[in-house]
Every structure is written in structure tokens, then in C-alpha cells.
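Structure first, commentary second.
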Amino acid sequence: MNTKAIYAACLFAALNICTLSARAEGNVQAQTYTYGTHLDIQKVLSMTEDAGPDCGVVNAHMTYLDSAGHQQALDYSKFSDHCSDGN
């Protein structure tokens, strides 16, 4: 077997392993935050909240990477982004 074929086979195998791990992390079960929950957040990937035109408490969702590089998800409650300062 020539060198190019070996390199191509190694590259193909590495890409397949990365794809499988990405699919596994995409199916992360969201944890619901409660007071005292230990959070290990290295990098926030996305944050969303329920739509609502009024100021008040809404449900929110955060997807993040922990210190080991694993994708995690968290559901929590927060004041809406529609709340102005002082409300």
C-alpha cells in the first residue's frame, strides 16, 4: 500500500470518529438549575429564552462546554431581556 492511501485512510477514520462524538454530544439531556447546582462552564455556546413582550420571569436555556470539553445544557429561570433597568 502506498503512503498516500495510508494517509487518506487515517484521515477518513479520524473524521468518522469526530463525527460520531459530535452526534453523541448533540443529544445532551438538559439539566434543570436549582440553587446550589455546581456549574462547570468553560465556554457558552448559545443562550435562548422564551419569547414574551413583557418584563417578568421567563424560562431560558443555555448550551455550553464544560472544562473537559463536553457539551452540556442547562434550563433555568431568569428575568426577561425586555425588563428595563430598575424593574
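The residue that is nearest to Q71 (Cα to Cα), counting only those in the stretch 39-60 that are modelled with pLDDT under 90 and surrounded by fewer than 10 Cβ atoms within 10 Å (Cβ to Cβ), is A51.
From the list L74, L11, exactly one residue is at pLDDT 90 or above and outside any loop (DSSP other than H, G, I, E, B). Which is it?
L74 is the lone residue from the list that is at pLDDT 90 or above and outside any loop (DSSP other than H, G, I, E, B).
Scanning the stretch 37-48 for residues that are under 22 Å from S80 (Cα atoms) and more than 14 Å from the chain's Cα centre (by Cα) yields a total of 1.
The values are calculated or read from the model by the stated rules, or taken from the named source; none is laboratory data. As the structure is a computational prediction, the values presented were derived from the model and not from experiment. Every residue, glycine as well, gets a Cβ built from its backbone with ideal geometry; the counts of neighbours run over all protein chains shown.
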